[in-house]
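Engineer: I have a structure I would like to understand better, so I am pasting it below and will then ask my questions one at a time.
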Amino acid sequence: DVQLQASGGGLVQAGGSLRLSCAPSGFTFDNYAIGWFRQAPGKEREGVSGISYSDGSTYYADSVKGRFTISSDNSRNLVYLQMNSLKPEDTAVYYCAAGSGHTLDGPITGAAIKAMTDFRSWGQGTQVTVSS
């Protein structure tokens, strides 16, 4: 069965950087779309980024465009989220998830990330805290 682990979170000052990693077990990312999501205290979970393996397309929420970059290292079977120019509002627990199905066929879309309906495999998150 699919399992994922997100790691790399920590405490950083505003303007700093972190790289999060998503590591699977029991599968390879070649067959799945991967999404990054986050949830802040008292807030709903929101989509941050995603990558499709059908065409390599990527998606970023408007709030992180130009600051975050999603990438994959197929040789290590890892997906990364490089986070630069971090802001206090980026503080949240970050999760990665894998999925396949109707909304994730073809190019990754914001609608698929936001709906999350075809992201069925989740890991426990990693805490990112950005101080002012």
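Engineer: What are the pairs with Cβ atoms under 8 angstrom where one residue, in segment 104-116, is surrounded by 14 or more Cβ atoms within 10 Å (Cβ to Cβ) and the other, located anywhere, is hydrophobic (A, V, I, L, M, F, W, C) and in a loop (DSSP other than H, G, I, E, B)? Sequence gap at least six, or different chains.
Structural biologist: Pairs that qualify, where the first residue is surrounded by 14 or more Cβ atoms within 10 Å (Cβ to Cβ) and the partner is hydrophobic (A, V, I, L, M, F, W, C) and in a loop (DSSP other than H, G, I, E, B), are Ile113/Ala61.
Engineer: Then there is this: Looking only at segment 77-102, how many residues end up being free of Cβ contacts under 8 Å to residues at least 60 places away in the same chain, open to solvent by 60 Å² or more (accessible area, probe 1.4 Å) and closer than 18 Å to Leu18 by Cβ?
Structural biologist: Total satisfying the criteria: 1.
Engineer: Moving on. Where the second residue is surrounded by fewer than 15 Cβ atoms within 10 Å (Cβ to Cβ) and the first is assigned to a loop (DSSP other than H, G, I, E, B) and lies in segment 62-76, which pairs have Cβ atoms under 6 Å and are six or more apart or on separate chains?
Structural biologist: Arg67/Asn84; Arg67/Ser85
Engineer: Output the number of residues of segment 31-50 satisfying the condition of being surrounded by fewer than 23 Cβ atoms within 10 Å (Cβ to Cβ) and not in a strand (DSSP E or B).
Structural biologist: Summing the residues that are surrounded by fewer than 23 Cβ atoms within 10 Å (Cβ to Cβ) and not in a strand (DSSP E or B) in segment 31-50 gives 7.
Engineer: Could you count how many residues in segment 59-70 are open to solvent by 40 Å² or more (accessible area, probe 1.4 Å) and either modelled with pLDDT under 95 or of a type in the set (Lys, Arg) (or both)?
Structural biologist: The number of residues fulfilling the criteria is 1.
Engineer: Do we find that Asp118 is modelled with pLDDT under 95, in contact with a helix residue (DSSP H, G or I) (Cβ under 7 Å, 6 or more places away or on another chain) and acidic (Asp, Glu) in this structure?
Structural biologist: yes
Engineer: Please work out if Gly8 is under 11 Å from Cys96 (Cβ atoms) and in contact (Cβ under 8 Å) with a residue 40 or more places away in the chain.
Structural biologist: Against the criterion (under 11 Å from Cys96 (Cβ atoms) and in contact (Cβ under 8 Å) with a residue 40 or more places away in the chain), Gly8 qualifies.
Engineer: Is it the case, given these coordinates, that Tyr53 is open to solvent by 50 Å² or more (accessible area, probe 1.4 Å) and under 16 Å from Leu4 (Cβ atoms)?
Structural biologist: Criteria met by Tyr53.
Engineer: Within segment 3-30, take every residue that is more than 14 Å from the chain's Cα centre (by Cα) and assigned to a strand (DSSP E or B) and give me the one that is surrounded by the most Cβ atoms within 10 Å (Cβ to Cβ).
Structural biologist: Ranking the qualifying residues of segment 3-30, first place goes to Val12.
The values are calculated or read from the model by the stated rules, or taken from the named source; none is laboratory data. Since this is a predicted model, take the numbers as computed values, not measurements. With ideal geometry, Cβ positions are generated from the backbone for all residues, glycine too; neighbour counts draw on all protein chains shown. In case anyone asks, the SASA skips ligands and DNA or RNA and just uses the protein heavy atoms, side chains included. Shrake-Rupley method; radii C 1.70, N 1.55, O 1.52, S 1.80 Å.
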